[in-house]
Amino acid sequence: MSQENILTVENLVMHFGGIKALNDVTFNIKRGSVSALIGPNGAGKTTVFNCLTGFYKATGGHIMLSANSKDTSVIKVLGEPFKVTDFISPVAFYQRLKYKMFGGSHLVNRAGLSRTFQNIRLFKEMSVVENLLVAQHMRANRNLLAGIFNTSSYKRSEDEALERAFYWLGVVDLTEFANRLAGELSYGQQRRLEIARAMCTNPEIICLDEPAAGLNPSETEALTKMIRVLRDQHNTTVLLIEHDMGMVMDISDYIVVLDHGEVIAKGNPDDIKNNPKVIAAYLGAEEGEEVTL
Ligand SMILES: Nc1ncnc2c1ncn2[C@@H]1O[C@H](COP(=O)(O)OP(=O)(O)OP(=O)(O)O)[C@@H](O)[C@H]1O
């Protein structure tokens, strides 16, 4: 397992029919860093996230997640097509069949990666704490018999899930809203709840898709602090997509810039701010998009 890089993305390609959304995207994310994926509208940022998190099956390339003490090929656990060589190796055949039948984005999450979405996707008719309990269904004891007989292991796992939910509510400063409906929270609070929900699955890396979108400056400042807490106090690697360049430059250890589905620059905030290719890509960005590098 790579100690240095938690995520290794090599030659990632994603085509939607004739649209080449990603073309040979290669980058590494260092363990324990806050990294940002930036680029003008339509550059391919969300498509990269969707490939990393298993929501899209990439057309080509490799994504290796080195977390939970093992290497996981994201492409493989989503279920790859059979190869001729599988038919002479029963082990390879079984592996491929297993992932084809039971593979999916849940295995990427189980391997240590979780995400939030550009458009908030909470269960708005459920309470705040229920949203966090639902997120933990994969790790909690959901054995039917254990539930009927209310066994001690079942009770313990329920208690742990509740404890974890309240722990993360505390971190995102939402404890007092635990029993409110998620849909009743303000926009900024819902964004924080999404982060808490993703953290409840104990990821080693969290991917945040435009976490500051729609937040006012003080909420953005609170979010920036929270992201630092995730990195510094919880050893969580953070990868974010963000259009708020002030926040990106302030918080990021490393930045990857995409344009038209290709990586045009990688480096620390100072390298990126002064990179002519990046400046040109942003100056050519769509009208109305506010960008200050
Ligand atoms: N499911 C899809 N089907 C067809 N085309 C898609 C799909 N998802 C993305 N695309 C196309 O891929 C390209 C990259 O889109 P993507 O949403 O990844 O860009 P982005 O950098 O995240 O943009 P934004 O900053 O506006 O969110 C665009 O041309 C988009 O239309």
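Across the stretch 227-235, in residue order, what do the Karplus-derived ³J(HN,Hα) couplings come to in whole Hz, using 6.51 cos²θ - 1.76 cosθ + 1.60 with θ = phi - 60° and x for Gly and Pro?
5, 5, 4, 4, 6, 7, 9, 10, 6
Add -39500 (n - 2.57) for each DSSP H run of 4 or more in the chain, then divide by its residues: what number comes out at 222 nm, to the nearest 500 deg cm²/dmol?
Result for the chain: -11000 deg cm²/dmol, rounded to the nearest 500.
Would you kindly calculate the translational diffusion coefficient of the stretch 1-142, applying Stokes-Einstein with the Kirkwood radius from alpha carbon pairs, for 4 °C and a viscosity of 1.567 mPa s, and quote it in µm² s⁻¹ without decimals?
77
Within a 10 angstrom radius of the beta carbon, how do Leu181, Leu122 rank from fewest other beta carbons to most?
Lowest to highest Cβ neighbour count: Leu181, Leu122.
Kindly write out, for the stretch 102-119 in residue order, the coupling ³J(HN,Hα) from the Karplus curve 6.51 cos²θ - 1.76 cosθ + 1.60 (θ = phi - 60°), rounded to whole Hz, with x marking Gly and Pro.
My calculation for the stretch 102-119 gives 10, x, x, 5, 4, 6, 5, 4, 5, 7, x, 10, 10, 8, 10, 10, 4, 9 Hz in order.
Quick check on the exposure proxy: order Ser89, Ser127, Ser35 from fewest to most C-beta atoms within 10 angstrom.
Ser89, Ser127, Ser35
Picking from Arg96, Arg110, Arg228, which is most flexible by a Gaussian network model of the chain using Cα springs under 10 Å?
Arg96
Among the listed pairs Lys45/Lys124; Lys70/Lys100; Lys124/Lys155; Lys57/Lys277; Lys225/Lys266; Lys57/Lys100, which have their C-alpha atoms separated by more than 18 angstrom in this model?
As for pairs spanning more than 18 Å Cα to Cα, those are Lys45/Lys124; Lys70/Lys100; Lys124/Lys155; Lys57/Lys277; Lys225/Lys266.
Can you tell me which of Ser69, Ser252, Ser105 moves the most in a GNM of the chain? Springs connect C-alpha atoms under 10 Å apart.
Taking springs between Cα atoms under 10 Å, the residue moving most is Ser69.
Quick one: if the Förster radius is 35 Å, what FRET efficiency do Asn179 and Ser218 give, using the C-beta to C-beta distance and rounding to 0.05?
0.85
Tell me the chymotrypsin sites (Phe, Trp or Tyr not before Pro) within the stretch 73-113 that lie in a loop according to DSSP and have at most 15 other beta-carbon atoms within 10 Å.
Phe82
What ranking do 156-162, 9-15 get when scored by the average of other Cβ atoms within 10 Å per residue, highest first?
Top to bottom by mean Cβ count within 10 Å: 9-15, 156-162.
Each value in this text was obtained by applying a stated rule to the coordinates, not by laboratory testing. These numbers come from a predicted model, not from an experiment. Cβ atoms come from the backbone with ideal geometry, glycine included; neighbour counts cover every protein chain shown.
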